Amino acid sequence: MSESPITASVDFDRDGLQHGFLKLPHSHDGSAWGHVMTPITVVRNGEGPTVLLTGGNHGDEYEGITALLKLANRLQPEQITGRVIIVPMLNHPAVLNGSRTSPLDGGNLNRCFPGNPAGTLTEKLADYLTRYLVSISDVVLDIHSGGKTLDLLPFAATHRMDDKDFEARCLAGAAAFGAPYTLFMAELEGDVLFDSAVEGQGKVFISTELRGGGTTTPETVAIAERGIDNVLRHAGVLAGEVETLPSRALEIPDGDAYRVSEHAGILEFTVALGDWVKEGEVIARIYDLHRTGEPPKEYRAPYDALLIGRRHPALVNVGDTFAVLAVPR
Ligand SMILES: [Zn+2]
């Protein structure tokens, strides 16, 4: 495979604190020899583990962006052993645009892995992450939230894997994050996620969802900041004990847990985020906006579960995931 067109203005092998950029050539009408400039911070202090911390994989998910910008301002080399690589705004054009995907090429970064050095801008970035940053890391924490269209209970997550030792190491990382919920997730499109690119290299991967709706709260940013420090401690990069807090063990068991709308209209939830629902219980109704006198379409829970995610906007279309369910494990 050819070399990446991306170059880093930081030296990953140098001790100390460096703020710089990943530079991706992007020739366009406004700048013939322009670049996409992705901000990056590297903090290194001698030999030790490497932790890669990423936010803004989707541009409208703000807990990771906020907490990692704060970390880049506060973390000093003398506080750590090893190396911390911080990329708070992975899909930088999307972050600047306040959107999930890149306005430059429509790229959804977390559907572009393992990437392609000769592909679109977003595919080139995915390839650089896969082959250049993940390869030098031991642990990767990718901080997501629900974005503008989803609201999700705050959780850290990993996946069921064939290699049970590896699964246990990834689960230990997710548990160390210390979110109020810790999940095994069945994914809708596993092969093209950052998750798979990291796990495929045998590196511990931890992801999160920390509410959403296109904003943050003091509580969700605090969960992100505490989780980051906990993961750094768990990896042995930061001194001190992991700050353990009660966390509920859950599992998204299968694709059925993602409830997809077959109707368009106004969404009325009959249960709240964090409520337990019973099999057959109505969880939401959708009202047709084109006429009066029409009974709403009712959506019921397929099994006993906790409502861990819901669509944030009230307007809903055919094909939207409007509810996400999880069960105890
Ligand atoms: Zn996301």
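FYI, it's all coordinate maths here, none of it is from the lab. As the structure is a computational prediction, the values presented were derived from the model and not from experiment. Neighbour counts are summed over all protein chains in view; Cβ atoms, including those assigned to glycine, are modelled from backbone coordinates with ideal geometry.
The Cβ shell under 15 Å around Gly16 holds other residues with a net charge of -2, Lys and Arg each +1, Asp and Glu each -1. Dividing the summed helix terms, -39500 (n - 2.57) for each DSSP H run of n ≥ 4, by the number of residues in the chain produces a 222 nm estimate of -6000 deg cm²/dmol to the nearest 500. Within the chain, the selection of entire DSSP H helices by a Cα span of 15 Å or greater along the long axis and an average Kyte-Doolittle value of at least -1.0 returns 62-74, 164-177, 218-234. Electrostatic tally near Thr182: other residues with Cβ closer than 11 Å to its Cβ, Lys and Arg +1, Asp and Glu -1, net +1. Size check on segment 225-306: the Cα extents along the three principal axes, sorted descending, read 64, 25, 20 Å.
With a ≥ b ≥ c the root eigenvalues of the C-alpha gyration tensor of segment 46-143, is it rounded (a/c under 1.5), prolate (a/b larger than b/c) or oblate?
Judged from the Cα gyration tensor, segment 46-143 comes out oblate (a/c at least 1.5, b/c at or above a/b).
Each residue of segment 276-281 was assigned a 3J(HN,Hα) from its phi angle through the Karplus expression (A = 6.51, B = -1.76, C = 1.60, θ = phi - 60°), giving 7, 10, 9, 3, x, 6 Hz with x at Gly and Pro. Rounded to whole numbers, the Karplus 3J(HN,Hα) couplings from phi for segment 178-192 are x, 6, x, 10, 10, 10, 8, 10, 8, 9, 7, 9, x, 5, 9 Hz, using 6.51 cos²θ - 1.76 cosθ + 1.60 with θ = phi - 60°, and x at Gly and Pro. Computed over segment 164-294, the quotient of the alpha carbon radius of gyration and 2.2 N^0.38 Å is 1.33.
Beta bridges from DSSP with both residues in the chain: antiparallel share about 65 percent, rounded to the nearest 5.
Full extension of the chain between Asp162 and Thr217 yields a length gain of 16.1 nm, computed as 0.36 nm times the residue separation minus the alpha carbon distance. Calculation over all alpha carbon pairs of the chain in 10 angstrom steps from 0 returns a P(r) of 6, 26, 33, 22, 10, 3, 0, 0 percent. Can you check what the net charge comes to around Leu232, using other residues whose Cβ is under 13 Å from the Cβ of Leu232 (Lys, Arg +1; Asp, Glu -1)? Net charge in that neighbourhood comes out at -1.
A simple packing score, the average count of other Cβ atoms within 10 Å per residue, orders the peptides 176-186, 94-104 as 176-186, 94-104, with the highest score first.
Could the peptides 105-114, 53-62, 293-302 be put in order, highest first, of the mean number of other beta-carbon atoms found within 10 Å of their residues?
53-62, 105-114, 293-302
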